[in-house]
1. May I ask you to list pairs of residues, at least six apart or on different chains, whose Cβ atoms are under 8 Å apart, with the first in segment 170-198 being without any contact (Cβ under 8 Å) to a residue 60 or more places away in the chain and over 26 Å from Gly133 (Cα atoms) and the second being within 16 Å of ligand 1 (Cβ to nearest atom) and of a type outside the set (Ser, Thr, Tyr)?
2. How many residues does segment 57-90 contain that are open to solvent by 10 Å² or more (accessible area, probe 1.4 Å) and in contact with a Gly (Cβ under 6 Å, 6 or more places away or on another chain)?
3. Within segment 353-362, restricting attention to residues that are out of contact with any helix residue (DSSP H, G or I) (no Cβ under 6 Å at 6 or more places or on another chain) and surrounded by fewer than 24 Cβ atoms within 10 Å (Cβ to Cβ), which residue is nearest to Asp445 (Cα to Cα)?
4. Kindly indicate whether Thr315 is of a type outside the set (Lys, Arg), closer than 21 Å to Phe162 by Cβ, away from ligand 2 (no atom under 16 Å from the Cβ) and not in a strand (DSSP E or B).
5. So, Trp149, is that one more than 16 Å from the chain's Cα centre (by Cα), open to solvent by less than 40 Å² (accessible area, probe 1.4 Å), touching a residue at least 60 places away in the same chain (Cβ under 8 Å) and on the phi < 0 side of the Ramachandran plot or not?
6. Take Gly161 and tell me if it is among the small types (Gly, Ala, Ser) and either in a loop (DSSP other than H, G, I, E, B) or open to solvent by 50 Å² or more (accessible area, probe 1.4 Å) (or both).
7. Considering only residues of segment 428-474 that are of a type in the set (Lys, Arg) and crowded, with 18+ Cβ neighbours inside 10 Å, which is nearest to Ser387 (Cα to Cα)?
Amino acid sequence: NHSKRIIYFLMLVLLVLVSSCKTSKIDKTSEITMAPNIVFIYLDDLGYGDLSSYGAKGLSTPNIDKLASGGVKFTNGYATSATCTPSRYALMTGVYPWRNKDAKILPGSAPLLIAENQVTIPKMLKEKGYHTGIVGKWHLGLGNGEVDWNKPITPGPNQVGFDYSYIMAATQDRVPTVYIDNGSVVGLDPNDPIEVNYDQNFPGQKTGKDNPELLTMKWHHGHNSSIVNGIPRIGYMKGGEKAKWNDLEMSDHFLAKAQNYVKEHKDKPFFLYYAMQQPHVPRTPNPRFVGTSKLGPRGDVIVEADWTIGEFIKTLEKEGVLENTLIVLTSDNGPVLNDGYYDKAVEKNGAHSPTGGLRGGKYSLFEGGTRVPFITYWKGKITPKVSDALVCQLDLLSSIASLVNAKTTENDSQNILSSFLGTSKTGRENLILEASTRTAFREGDWIMIPPYQGPEINKEVNIELGNSNDFSLYNIKEDHGQKINLASTMPQKLKEMIATFEKIRGK
Ligand code: NG6
Ligand code: CA
């Protein structure tokens, strides 16, 4: 009897142990799958071929390559658009930017493009208990019209989902050339107020156009208004002397903010949108990085960005959150060599192909405009692989919603979480690509570009835009560089492509 009791007791203990073990396992996985930290590392104008893991020549990006080889490296990853503002709009909202007529490259004085009642990734994550932050380039407009840069600037990122924001308003080549911390210009002296104007100069202010003797970087086209740190910019700015950023320190500056953000928020799920400025113009590598590539400043700032990302990853590791963080690294649009300054990007390019052999580049409706490096990395969770799945930044909203179990109504943004995590080979079926409001259509291995009026080439930047009097049809699997137009030899395929495109896009 006594030994029977002991056996019963032991069995009970075993049962309790087994079941507690089981539940703790479930809890653990649900913890991991439900609320990982999410980090977007978003580069500016980084082309499909600009990383060594994507075939770059004359520069090396070991830190990003480590993410690529330890995560999913996509070969068919897209920004929605061939310029910045529309791509960022789509990334944040999951809405095709051509649905919003104002989603074009914005001046630094433009009003907020995202409606305050619109769904955004940070808003959706906030509802799930995340802390949300943005560090870096915003370029989605600020305020409701006239912005007074000397008062709290609102609405902005903090009104569309971000608990924390530390940003530059537009681009590195646009005024105001100041950092904005949760809506307030950093280091602003009230006795030296800032004024910004995109139409006319302020009396007596020097400009790149009239004062070439003051310039340390020469402008090639555009970029001849106010001079800041010897660099002529787009737009006019007056005052705010002490608040002006230091271009050479920008990468270190944003890095420190991103690192601090992780340190401060590591105990709770967080979402960080880390929007880097490289390799957009003006290319101003910190002196530590000058000459680190064979490509001049454009290559040097890519190396700088890579180092910076390495430091950031080290912080995630040191703070003990790397294994619970999903990292998405990609770029807002394709590459450009000369985007308005003489900086030797063209002369020193050598055998490097910034688009990785894709046709066109930034501003183009050809693939070089929108197909970009795209990497997802989640240590211990994502199995390394190269994926050919068709994925777009547009889909991050619905896919992340699915990851964190949030409600979303799928519209333009599709839930392709399994593709992003590398467990499915099929991404979306088709995608509308956009370049300066013109649109093209990809489905399967095919791309159709409708006829558009306008120059074939933007001569200033020397990029083919994708304008043509006739329809174009390419099989990009067999014809990586979109050289062979099959529109007239495959009329049935063309017809089908046009029909599906028009159904989505509207006539
Ligand atoms: C263009 C600028 C270009 C760049 C671009 C925006 C001129 C002539 N060109 O208007 O230099 O700033 O806007 O780039 O001003 S983006 O990546 O933010 O879309
Ligand atoms: Ca860009």
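1. Glu195/Met237
2. 3
3. Gly357
4. Numbers: of a type outside the set (Lys, Arg): yes; closer than 21 Å to Phe162 by Cβ: yes; away from ligand 2 (no atom under 16 Å from the Cβ): yes; not in a strand (DSSP E or B): yes.
It is true that Thr315 is of a type outside the set (Lys, Arg), closer than 21 Å to Phe162 by Cβ, away from ligand 2 (no atom under 16 Å from the Cβ) and not in a strand (DSSP E or B).
5. Numbers: more than 16 Å from the chain's Cα centre (by Cα): yes; open to solvent by less than 40 Å² (accessible area, probe 1.4 Å): yes; touching a residue at least 60 places away in the same chain (Cβ under 8 Å): yes; on the phi < 0 side of the Ramachandran plot: yes.
Yes, satisfied.
6. Numbers: among the small types (Gly, Ala, Ser): yes; either in a loop (DSSP other than H, G, I, E, B) or open to solvent by 50 Å² or more (accessible area, probe 1.4 Å) (or both): yes.
So Gly161 fits the description; yes.
7. Keep residues of segment 428-474 that are of a type in the set (Lys, Arg), which gives 428, 438, 442, 459.
From what is left, the residues that are crowded, with 18+ Cβ neighbours inside 10 Å are 428, 438, 442.
Numbers: Arg428: 13, Arg438: 28, Arg442: 17 Å.
Taking the candidates together, the pick is Arg428.
To keep it simple, each residue is scored yes or no on (1) in contact with a Ser or Thr (Cβ under 7 Å, 6 or more places away or on another chain); (2) assigned to a loop (DSSP other than H, G, I, E, B); (3) modelled with pLDDT of 95 or more.
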position: Gly187; (1), (2), (3): no, yes, yes
position: Pro193; (1), (2), (3): no, yes, yes
position: Gln200; (1), (2), (3): no, yes, yes
position: Gln205; (1), (2), (3): yes, yes, yes
position: Met217; (1), (2), (3): no, yes, yes
position: Asn224; (1), (2), (3): yes, yes, yes
position: Ile227; (1), (2), (3): yes, no, yes
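The values are calculated or read from the model by the stated rules, or taken from the named source; none is laboratory data. Treat the numbers as computed from the prediction; the structure is a model and nothing was measured. Don't worry about glycine lacking a Cβ; one is built from the backbone with ideal geometry, like all the others, and counts go over all protein chains shown. Ligands, DNA and RNA are stripped out before the accessible areas are found, and what is left, the full protein with its side chains, is counted by its heavy atoms. Shrake-Rupley method; radii C 1.70, N 1.55, O 1.52, S 1.80 Å.
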